[in-house]
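Peer 1: Okay, handing you the structure first.
The values are calculated or read from the model by the stated rules, or taken from the named source; none is laboratory data. Nothing here was measured: the structure is a model prediction, and the numbers come from that model. Reconstructed Cβ throughout: ideal geometry from the backbone, glycine too, with neighbour counts over all protein chains shown.
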Amino acid sequence: MASISVFLLLLQPWLAGSSTHAAKLDCGPIVNKSTDFPRTVAIGTNPAGTGAHSLGAGLAAVGSKVSPIAARVQPYNGPNAWMPLLENGELEFGIMNILDAQMANTGSGNYPKPTPGVRVATGGVFPFTIAMVTREKSNIRTYADFKGKRLAWDYGGHAISQTWQLAMLETVGLKPSDVIQVRVSNTADGIRAVGEGKVDGSQTGLGIAIIEEINSMEPIRFPMMPNTDAAKAVLARYGASIVLSEPSTGIKGDTHVVGYPLYLVTSTRVSERTVYTLVKGWWENMAELQTMHPLFKKWTKETQTLTNFTVPYHAGAIKFYKEVGVWTSRHDARTKEICS
């Protein structure tokens with residue numbers, strides 16, 4: 001609970017800043033009024049080997065098992081690639097982070113057009129941890145050492161990876177012009193480029209399959225993130241905080257990394273009954289989910305209804321969370337705050 005409380009305090013400056021965006025958060029009603037279950041639903045994720053894909057695969061397996069709905073995981077380069085499908089109803093769910101969700105809804109940051117139907121189904125994972133990865137044999141020990149080095153850049157359909165990378169470089173005063181930019185199409189390609197020696201660093205999640213894959217061919221390490229007030233202030237603007245990493249491949253001793261919430265989102269084109277049924281199924285079978293991937297250890301009942309959400313919860317999710325007593329007046333107040 002302490003780590004979540006600290007995160008909420010750090011998040012406040014960014015949330016306050018987000019209210020100044022010209023784009024307005026859309027909080028319209030659910031447009032799908034059907035009481036029939038769809039035969040199938042799809043969960044959009046990042047490519048295979050990433051944490052988002054592992055989460056989507058587990059949710060799809062359990063959702064299909066405990067409900068009358070066949071769920072499947074659908075990998076893309078990232079949320080920028082699948083967001084138009086969520087908006088037009090071709091995709092029902094997706095894994096994305098707290099900042100990406102707000103940008104997508106409002107059409108700000110990495111999203112040139114708003115996707116007003118984005119809604120939270122579950123608060124998901126906290127903290128999801130990210131960092132810059134490099135080869136163990138490199139001379140890069142801190143983030144300042146990335147100056148003049150080749151970094152994976154752009155990330156194509158997963159543009160938020162570039163946003164996080166810029167934020168991490170900013171914590172040590174580095175600008176885009178201070179590094180050599182090597183364009184990649186997604187995060188997985190950036191990580192592989194590190195292992196292949198094509199770049200010296202890339203943004204990545206910790207504890208994901210592709211890190212294990214690369215490390216088996218070329219040992220990797222995660223440089224130390226500066227744990228300073230200035231660095232914390234930079235990351236707070238993006239809805240993130242500095243956390244101490246748990247033991248993981250590439251972590252050499254106590255290492256500070258970046259942490260933030262990872263949502264499962266849905267849309268107003270998905271019915272209340274569908275979202276209610278799947279959220280209920282995942283909640284009641286959380287123990288099984290937590291056997292499927294280490295990230296699900298952070299997928300707890302406590303994190304499903306964090307009060308720092310940046311887009312509204314779906315009505316079907318709210319209905320279930322009220323039934324089990326975890327939706328409170330604080331959640332109602334937060335909804336009113338972001339939707340006013």
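Peer 1: So, of the residues in region 249-271 that are touching a helix residue (DSSP H, G or I) at 6+ places or on another chain (Cβ under 8 Å) and within 21 Å of residue 146 (Cα to Cα), which turns out to be surrounded by the fewest Cβ atoms within 10 Å (Cβ to Cβ)?
Peer 2: 249
Peer 1: From 141, 150, 119, grab the single residue that is touching a residue at least 60 places away in the same chain (Cβ under 8 Å), among the charged types (D, E, K, R) and under 25 Å from residue 191 (Cα atoms).
Peer 2: 141
Peer 1: Residues of region 271-288 being within 16 Å of residue 39 (Cα to Cα) and either within 21 Å of the chain's Cα centre (by Cα) or not assigned by TED's automatic domain parsing to the domain that holds residue 87 (or both), which ones?
Peer 2: Listed by number, the residues that qualify are 275, 278.
Peer 1: Let me confirm something: among 303, 291, 307, 274, which residue is of a type in the set (Ser, Thr, Tyr) and either under 18 Å from residue 92 (Cα atoms) or surrounded by 24 or more Cβ atoms within 10 Å (Cβ to Cβ) (or both)?
Peer 2: Exactly one of 303, 291, 307, 274 is of a type in the set (Ser, Thr, Tyr) and either under 18 Å from residue 92 (Cα atoms) or surrounded by 24 or more Cβ atoms within 10 Å (Cβ to Cβ) (or both), namely 274.
Peer 1: Oh, and also: Which residue pairs have Cβ atoms under 8 Å apart, sit 6 or more places apart or on different chains, and have a first residue in region 31-55 that is over 24 Å from residue 78 (Cβ atoms) and a second that is surrounded by 16 or more Cβ atoms within 10 Å (Cβ to Cβ) and of a type in the set (A, V, I, L, M, F, W, C)?
Peer 2: 32/270; 37/69; 38/69; 39/69
Peer 1: Being closer than 28 Å to residue 48 by Cβ and touching a helix residue (DSSP H, G or I) at 6+ places or on another chain (Cβ under 9 Å): is that true of residue 327 here?
Peer 2: In short, no.
Peer 1: Out of all the residues in region 309-335, which are at pLDDT below 95 and basic (Lys, Arg)?
Peer 2: 334
Peer 1: With respect to residue 244, determine if the residue is modelled with pLDDT of 95 or more and either assigned by TED's automatic domain parsing to the domain that holds residue 74 or under 29 Å from residue 115 (Cβ atoms) (or both).
Peer 2: For residue 244, the condition - modelled with pLDDT of 95 or more and either assigned by TED's automatic domain parsing to the domain that holds residue 74 or under 29 Å from residue 115 (Cβ atoms) (or both) - is not met.
Peer 1: Against the condition at pLDDT below 95, part of a helix (DSSP H, G or I) and under 13 Å from residue 127 (Cα atoms), how does residue 306 come out, does it pass?
Peer 2: Details: at pLDDT below 95: yes; part of a helix (DSSP H, G or I): no; under 13 Å from residue 127 (Cα atoms): yes.
No: the conditions fail for residue 306.
Peer 1: For region 60-98, which positions are part of a helix (DSSP H, G or I) and either within 15 Å of the chain's Cα centre (by Cα) or among the charged types (D, E, K, R) (or both)?
Peer 2: Those that are part of a helix (DSSP H, G or I) and either within 15 Å of the chain's Cα centre (by Cα) or among the charged types (D, E, K, R) (or both): 65, 79, 80, 81, 82, 83, 87, 98.
Peer 1: Being assigned to a strand (DSSP E or B) and either of a type outside the set (Val, Ile, Thr) or more than 19 Å from residue 203 (Cβ to Cβ) (or both) is the filter here; which residues of region 255-276 pass it?
Peer 2: Passing the criteria: 256, 259, 260, 261, 262, 263, 264, 265, 266, 267.
Peer 1: Here's another thing I want to ask about it. Does residue 173 count as modelled with pLDDT under 95, of a type outside the set (Val, Ile, Thr) and at positive phi? Give the derivation first.
Peer 2: Details: modelled with pLDDT under 95: no; of a type outside the set (Val, Ile, Thr): yes; at positive phi: yes.
When the stated conditions are applied, residue 173 does not pass them.
Peer 1: Applying the selection to region 1-45, what residues are assigned to a loop (DSSP other than H, G, I, E, B), touching a Pro at 6+ places or on another chain (Cβ under 7 Å) and either aromatic (Phe, Trp, Tyr) or at pLDDT 80 or above (or both)?
Peer 2: If the condition is that a residue be assigned to a loop (DSSP other than H, G, I, E, B), touching a Pro at 6+ places or on another chain (Cβ under 7 Å) and either aromatic (Phe, Trp, Tyr) or at pLDDT 80 or above (or both), then 26, 27, 28, 37 are the ones that fit.
Peer 1: Within 27 Å of residue 84 (Cα to Cα) and out of contact with any helix residue (DSSP H, G or I) (no Cβ under 6 Å at 6 or more places or on another chain) - does that describe any residue in region 134-145?
Peer 2: Within region 134-145, not a single residue is within 27 Å of residue 84 (Cα to Cα) and out of contact with any helix residue (DSSP H, G or I) (no Cβ under 6 Å at 6 or more places or on another chain).
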